[in-house]
Amino acid sequence: MPVRVRFAPSPTGSLHVGNALTAVANRRFADERGGALVLRIDDTDASRTVAGGEETILGDLEWLGVGFDEGPVRQSERRDLYADAAERALAAGAAARDADGSVRLSQTGTTLLREDGTATYQLATVVDDLELGVTHVIRGNDHRPNLPVQTRIATALGAHLPVVIHHGLVLGPDGKKLSKRHGHSSIAELRDDGLPAAAVRAYLDELGLPEHDVQLDLARLGRLAVDAIAAMPDQELAAAAEAPVEVVPALRGARSLLEAREYARLVVAPERAALGDEAGLTLERFGELRRPAPEWLTSDEARSIVRELKAVGGDLRVLRLALTGAERGPELASVLAALSRDEALARTS
Ligand code: GLU
């Protein structure tokens with residue numbers, strides 16, 4: 001039987017990192033088995049549905065590079081299916097209708113249909129997992145408590161649940177439930193922190209299907225961000241940093257795309273820093289080295305100018321300050337290589 005999995009977020013806004021892990025894990029599970037991933041929007045609970053929530057989730061998935069093969073299937077558009085299922089459970093004697101009109105599972109009293117005829121999460125999930133032909137449910141272990149009742153609902157419908165796999169949750173770095181308070185609990189927050197999509201995806205792929213809860217490892221994410229920025233194609237990095245492509249070599253050491261953007265600003269449009277009198281000698285020596293060199297320097301040529309300047313007693317901090325207006329920033333040679341001779345001389349005279 002071909003594998004079919006589903007990712008079933010509620011449309012409450014940008015994906016929680018733990019939900020993003022579920023999405024990535026489902027995609028990989030399907031890919032490794034030649035299976036299909038269905039995107040289902042669990043919007044039975046109107047009070048939890050946020051305007052634009054579905055679009056936000058679609059944007060997050062696209063950003064993470066998680067494609068889906070079917071959907072989005074919206075539970076709000078499948079009410080008849082749930083009502084039919086409740087009727088079947090009633091007909092089989094597995095459910096009973098209350099005086100208020102709601103339908104409950106006979107054995108446990110679990111509500112299947114509310115008074116107003118809308119399906120509960122428990123019923124809608126089971127009906128959809130069966131109706132969509134899902135073979136494996138992969139979700140966070142916060143849903144583990146739902147398994148017994150969902151098993152009973154499936155039985156009441158004369159069916160069997162798919163295989164259910166619960167994975168560990170992503171906790172905050174402090175071991176507590178990852179929440180807004182931590183500042184990086186959602187995909188939107190990680191993106192706004194300047195983490196490249198490839199780094200977040202690589203991190204979630206590394207976590208795989210954790211059996212136990214894991215703590216969000218910001219240091220690891222940071223290292224993956226450096227790797228991702230180092231590996232980005234020039235055009236992509238230039239676009240992400242909002243910088244001309246010539247500046248890209250100066251952005252490679254950045255630890256986030258925000259830092260890359262800041263590096264680009266230091267190269268392209270620095271503020272002018274006040275330099276002390278003692279700067280004169282360094283800048284004079286720099287001029288002597290830069291003037292006879294080509295209009296644009298290769299990175300080797302730029303590095304050798306930096307080396308020679310240092311060898312003749314030049315103060316590299318002074319040169320950095322003159323070129324970028326800041327005491328810290330991109331590698332000095334990469335700044336030199338990103339600036340024409342005229343521009344470099346203008347900033348240092
Ligand atoms: N909509 C649920 C959630 O976002 C998922 C339900 C399920 O996977 O069974 O947590």
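The values are calculated or read from the model by the stated rules, or taken from the named source; none is laboratory data. Please read all numbers here as calculations on a predicted model, not as lab measurements. When we count neighbours, we look across all protein chains shown, and the Cβ atoms used for this are built from the backbone with ideal geometry, even at glycine. Just so you know, the surface numbers come from the protein's heavy atoms only, side chains and all, with ligands and any DNA or RNA stripped out. Shrake-Rupley method; radii C 1.70, N 1.55, O 1.52, S 1.80 Å.
Details
- Of all residues in the range 163-174 being open to solvent by less than 30 Å² (accessible area, probe 1.4 Å) and in a loop (DSSP other than H, G, I, E, B), the one that is farthest from Val137 (Cα to Cα): Gly172
- Members of the range 130-158 that are aliphatic (A, V, I, L, M), within 11 Å of the ligand (Cβ to nearest atom) and either under 27 Å from the mean Cα position of the chain (by Cα) or outside any helix (DSSP H, G or I) (or both): Val134, Val137, Ile138
- Gly253 meets the conditions (1) closer than 29 Å to Glu32 by Cβ; (2) at pLDDT below 95; (3) open to solvent by 30 Å² or more (accessible area, probe 1.4 Å) in every case but one. The failed one is (1).
- Residue in the range 105-126 that is farthest from His160 (Cα to Cα), counting only those that are more than 16 Å from the ligand (Cβ to nearest atom) and among the hydrophobic types (A, V, I, L, M, F, W, C): Leu113
- Qualifying positions in the range 55-64 - within 16 Å of the ligand (Cβ to nearest atom) and surrounded by fewer than 18 Cβ atoms within 10 Å (Cβ to Cβ): Leu58
- His167 vs. criteria of a type outside the set (Ser, Thr, Tyr), modelled with pLDDT of 95 or more, within 26 Å of the chain's Cα centre (by Cα) and more than 10 Å from the ligand (Cβ to nearest atom): yes
- Under the condition of being within 14 Å of the ligand (Cβ to nearest atom), small (Gly, Ala, Ser) and open to solvent by 20 Å² or more (accessible area, probe 1.4 Å), the residues counted in the range 9-44 number 2.
- Candidates Ile153, Ile229: the one that is farther than 30 Å from Ala92 by Cα, β-branched (Val, Ile, Thr) and in contact with a helix residue (DSSP H, G or I) (Cβ under 9 Å, 6 or more places away or on another chain) is Ile229.
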